[in-house]
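Trainee: There's a structure below that I have some questions on.
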Amino acid sequence: MAARRALHLLKHILPQTHPSSKPMGWIRSVTYMPRPGDGSPRPVTLIPGDGIGPLVTGAVEQVMEAMHAPVYFERYEVHGDMKSVPKEVMESIRKNKVCIKGGLMTPVGGGVSSLNMQLRRDLDLYASLVHCFNMQGLPTRHDNVDIVVIRENTEGEYSGLEHEVVPGVVESLKVMTKFCSERIAKYAFEYAYLNNRKKVTAVHKANIMKLADGLFLESCREVATRYPSIKFGEIIVDNCCMQLVSRPEQFDVMVTPNLYGNLVANTAAGIAGGTGVMPGGNVGAEHAIFEQGASAGNVGNQKIVEQKKANPVALLLSSAMMLRHLQFPSFADQLETAVRRVISEGKHLTKDLGGGATTQEVVDAVVAYLD
C-alpha cells in the first residue's frame with residue numbers, strides 16, 4: 001500500500017513533457033492544480049449550513065477520515081437567516097484560507113441579504129468555478145460534455161445596489177468594472193492554459209447592454225491576445241442557452257459575468273447529469289470556499305432531510321477540488337476514483353440519480369472503494 005502511494009506521488013512530482021511542448025529547454029507539466037504539498041495536515045473551516053447541508057458535509061468528514069487525508073476541520077454553525085456571518089467564522093476562514101460548506105438558504109425578498117454573497121464580497125472570492133461533465137453510469141441526452149464555467153462573482157446584477165424610487169418603481173444598478181472584467185478573464189485563460197484546455201468562450205449580451213457587457217467583452221478580447229495557443233470565442237447569452245441544450249460538446253471553458261454564469265452553470269449541470277454531482281468552488285487571491293457547484297435547490301427539502309437521502313456526490317467531488325487546491329493531488333485522485341466507481345456501478349445512487357440509497361449508503365460505498 002505504502003509503495004503504491006509513493007509511486008503515485010512520484011508520478012505527480014516528476015516533470016512530464018507534454019507532446020505540444022516546444023524544445024526550448026522549458027518543460028511545463030500539465031496539472032490540475034499546483035504540485036503536491038509537504039504532507040503536513042491543514043486546517044479547514046467547515047460550515048455545515050442549512051437543510052441537507054449537515055448530511056453532505058458529514059459525508060465529507062467521514063470520507064476524509066477514512067482516507068486519512070491530511071486535513072482537519074474547524075466547524076462553525078452558520079444559517080441563512082442570520083443577519084451576517086459571525087466574526088469568529090470570518091476569522092477562521094481568513095486564518096485557514098480554505099473553507100468547505102453546505103448550502104445556506106437565502107430568504108426570497110424581504111430585504112434580507114444573502115450570506116453567500118457576503119462571504120464572496122468580504123473575502124473577495126471573485127471567481128466561481130463549476131465543472132460540468134458526463135459520468136459513466138449516469139445516462140444523459142448528450143455525450144462528451146466536459147464544461148468548466150468560470151463566473152465573475154462580485155459585481156454585475158449581484159452588486160446589491162437597488163432602491164425604490166417611488167412606490168411601485170424599483171431601480172437596480174448593474175455595476176461592471178474594467179478591473180473585475182480583466183481579472184476574471186485572466187483567471188479563465190490561465191485556468192485553460194494550466195489544464196490543457198483548448199478554448200475559452202465569453203458569454204455576454206453586449207448587443208443590448210453595449211457599455212456594461214461591452215466592457216466585459218472587450219476585456220476578454222484583450223486578455224485573449226496574450227494566450228495565442230488558446231482559441232477564443234464569444235456568444236450572446238440567449239444563443240448560448242440554446243447551443244448548450246442542443247450541442248453542449250462544443251464548449252470547453254466558458255467565462256461569464258455574474259448573473260449569466262449562474263444560469264449557464266445550472267443549465268450545463270442539468271445537461272451533464274444533475275446539480276447533485278457537479279463540484280465547484282469560489283476562489284480569490286487569498287481564500288477559497290468549496291461547495292456544491294450548481295444551485296443547491298434542494299437545500300431546504302425537508303423530506304430529503306428526514307429520509308437522510310441527500311446526494312453527497314457534488315460536495316465529495318468539491319472536496320477533491322479542495323484537496324488539489326491544498327496541494328494534495330494524490331488524495332484528490334483517490335477520492336475522485338472512488339466516487340466515479342460508485343456512480344459507474346450504479347448500486348448506491350440517491351433518488352435524484354434514479355436510485356433509492358441514503359446518504360450514508362453512498363458514503364459507505366465510496367469508503368469501500370478507497371485504496
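Trainee: Quickly run through segment 193-210 and pick out the residues that are surrounded by fewer than 16 Cβ atoms within 10 Å (Cβ to Cβ) and either in contact with a Leu (Cβ under 7 Å, 6 or more places away or on another chain) or not aliphatic (A, V, I, L, M) (or both).
Mentor: Within segment 193-210, Asn195, Asn196, Lys198, Lys199, Asn207, Lys210 meet the criteria.
Trainee: So is Arg197 in contact with a helix residue (DSSP H, G or I) (Cβ under 9 Å, 6 or more places away or on another chain), without any contact (Cβ under 8 Å) to a residue 24 or more places away in the chain and either of a type outside the set (Phe, Trp, Tyr) or in a loop (DSSP other than H, G, I, E, B) (or both) or not? Steps first, please.
Mentor: Working: in contact with a helix residue (DSSP H, G or I) (Cβ under 9 Å, 6 or more places away or on another chain): yes; without any contact (Cβ under 8 Å) to a residue 24 or more places away in the chain: no; either of a type outside the set (Phe, Trp, Tyr) or in a loop (DSSP other than H, G, I, E, B) (or both): yes.
The answer is no for Arg197.
Trainee: Another question about this same structure. Can you name every one of the strands (runs of 3 or more DSSP E) wholly within segment 39-103 that holds 2 or more residues which are crowded, with 22+ Cβ neighbours inside 10 Å and of a type outside the set (A, V, I, L, M)? Break it down stepwise before answering.
Mentor: Working: elements: 42-47, 71-75, 98-101.
So the answer is 98-101.
Trainee: Now a separate question. Looking at Asp143, Asp213 in this structure, which one is in contact (Cβ under 8 Å) with a residue 60 or more places away in the chain and not in a strand (DSSP E or B)? If you could, list the steps in order and put the result at the bottom.
Mentor: Numbers: Asp213 fails: in contact (Cβ under 8 Å) with a residue 60 or more places away in the chain.
Step by step, each of Asp143, Asp213 is checked, and only Asp143 is in contact (Cβ under 8 Å) with a residue 60 or more places away in the chain and not in a strand (DSSP E or B).
Trainee: Moving on to the next point. So is Lys186 outside the structural domain of Val98 (by TED's automatic domain parsing) and farther than 30 Å from Pro228 by Cα or not? Break it down stepwise before answering.
Mentor: On the way: outside the structural domain of Val98 (by TED's automatic domain parsing): yes; farther than 30 Å from Pro228 by Cα: no.
For Lys186, the condition - outside the structural domain of Val98 (by TED's automatic domain parsing) and farther than 30 Å from Pro228 by Cα - is not met.
Trainee: How many of the residues in segment 174-185 are touching a helix residue (DSSP H, G or I) at 6+ places or on another chain (Cβ under 6 Å) and part of a loop (DSSP other than H, G, I, E, B)?
Mentor: Residues meeting the conditions: 2.
Trainee: Let me ask another. Taking Asp213 as meeting all but one of (1) surrounded by fewer than 22 Cβ atoms within 10 Å (Cβ to Cβ); (2) of a type in the set (Asp, Glu); (3) in contact with a strand residue (DSSP E or B) (Cβ under 9 Å, 6 or more places away or on another chain), write down the number of the exception.
Mentor: (1)
Trainee: Further, regarding this structure: How about segment 217-274: which of its residues are surrounded by fewer than 20 Cβ atoms within 10 Å (Cβ to Cβ), in contact (Cβ under 8 Å) with a residue 60 or more places away in the chain and in contact with a Lys or Arg (Cβ under 6 Å, 6 or more places away or on another chain)?
Mentor: Asp252
Trainee: Take Leu104 and tell me if it is in contact with a Leu (Cβ under 8 Å, 6 or more places away or on another chain), within 25 Å of Glu157 (Cα to Cα) and at pLDDT below 95. Break it down stepwise before answering.
Mentor: Values: in contact with a Leu (Cβ under 8 Å, 6 or more places away or on another chain): yes; within 25 Å of Glu157 (Cα to Cα): yes; at pLDDT below 95: yes.
In short, yes.
The values are calculated or read from the model by the stated rules, or taken from the named source; none is laboratory data. All figures in this text were calculated on a predicted structure; none of them were measured in a lab. A quick note on method: Cβ atoms are made from the backbone with ideal geometry, for glycine too, and the neighbour counts reach across all protein chains shown.
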